[in-house]
Amino acid sequence: MASFTIEGKQFIYNGEPIRILSGAMHYFRIVPEYWKDRLLKLKACGFNTVETYVAWNVHEPKEGQFNFQGIADVEHFVQLAGELGLHVIIRPSPYICAEWEFGGLPYWLLKDPSMQLRCFYKPYLDKIDTYYDELLARFKPLLCTNGGPIIAMQIENEYGSYGTDKDYLAYIRQAMINRGMDVLLFTSDGYDDSNLQGGTLIPDVFATVNFGSRPEEAFAKLQEYQPDNPLVCMEYWNGWFDYWGDEHHQRGNDDVVD
């Protein structure tokens, strides 16, 4: 068993200071036969951690019918990362964005014409509870506190870009805690005031920011809200996504490196 905690502006793993250098890899975008190869390449780049979203619509494609086989075998992906010496950050929030269909929310939520998404609405929360009962039980033995590689887990995803329902965020947090997720919990948001005010649960939950440039500006804003904790960019955008019909986005290497 291991511990991953915060002491002042430093992360501590098993009593020793650690700097987290994490690369994103979405298991559901890569066939399982390539997982080990890709994780080894990630490690060869100098990363000590891999981060992945969890796509709800992959694991519950039809309501009440769960899938954790093949490309959906997230447990195997996490175990494999651990065997290769990598820590794991999991982002299982109901909504993942990720340039993924419906942000990972399953289509069947919309079969209820009165459904309200990403808010404190009981019919929606009931669906999340059923999903979390199945999902989080699979993660529990893989937490670092139980000897596994998972060191941290996200609550929702860039929620400040969408809403301000703190009761909803608190519900998701408690849902994770109630199911034994006793690792570091965090939020991640853009770094302007509206995002950090709407999407975080400071001081109860560790906050991180997402950006692709101007890191000094981003971290300065984060420190206004969370001055005494480590600085974390949870998503560093080294490019940008394309819209249908728009020109292909390109970014120079030198700008990314800078």
(request) Restrict the check to segment 37-58 and report whether at least one residue is open to solvent by 60 Å² or more (accessible area, probe 1.4 Å) and either hydroxyl-bearing (Ser, Thr, Tyr) or part of a strand (DSSP E or B) (or both). (result) no
(message) Report every pair of residues separated by at least 6 positions or lying on different chains whose Cβ atoms are under 8 Å apart, first residue within segment 157-178 and of a type in the set (Gly, Ala, Ser), second assigned to a loop (DSSP other than H, G, I, E, B).
(response) 160/190; 160/200; 161/190; 163/118; 163/119; 170/201
(request) Taking only segment 126-152 into account, find how many residues are in contact with a strand residue (DSSP E or B) (Cβ under 6 Å, 6 or more places away or on another chain) and not in a loop (DSSP other than H, G, I, E, B). (result) 6
(request) Give me a count of the residues in segment 62-75 that are in contact (Cβ under 8 Å) with a residue 40 or more places away in the chain and either of a type in the set (A, V, I, L, M, F, W, C) or touching a helix residue (DSSP H, G or I) at 6+ places or on another chain (Cβ under 7 Å) (or both). (result) 9
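Just for segment 97-122: of the residues that are in a helix (DSSP H, G or I) and at positive phi, which one is surrounded by the fewest Cβ atoms within 10 Å (Cβ to Cβ)? Write out each step before concluding.
Let us first name the residues in segment 97-122 that are in a helix (DSSP H, G or I), namely 101-104, 107-111, 122.
Subsequent filtering for residues that are at positive phi retains 102-104.
Numbers: 102: 15, 103: 21, 104: 23.
In this case the residue turns out to be 102.
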(request) Kindly list, by first and then second residue, each pair from a residue in segment 1-15 that is within 15 Å of residue 185 (Cα to Cα) to a residue that is among the basic types (Lys, Arg), limited to pairs with Cβ atoms under 8 Å and residues at least 6 apart or on different chains. (result) 11/19
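Please return the ranges of helices (runs of 4 or more DSSP H) entirely within segment 167-258 where 3 or more residues are loosely packed, with under 14 Cβ neighbours inside 10 Å.
In segment 167-258, the matching helices (runs of 4 or more DSSP H) lie at 215-225, 253-257.
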(request) Report yes if some residue within segment 153-165 is part of a helix (DSSP H, G or I) and not polar (S, T, N, Q); otherwise report no. (result) yes
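The values are calculated or read from the model by the stated rules, or taken from the named source; none is laboratory data. Since the model is a prediction, treat every value here as computed from it, not as a measurement. Using ideal geometry, Cβ is built from the backbone for each residue, glycine included, and neighbour counts are taken over all protein chains shown. Remember, those area values only see protein heavy atoms, side chains included, never the ligands or the DNA or RNA. Shrake-Rupley method; radii C 1.70, N 1.55, O 1.52, S 1.80 Å.
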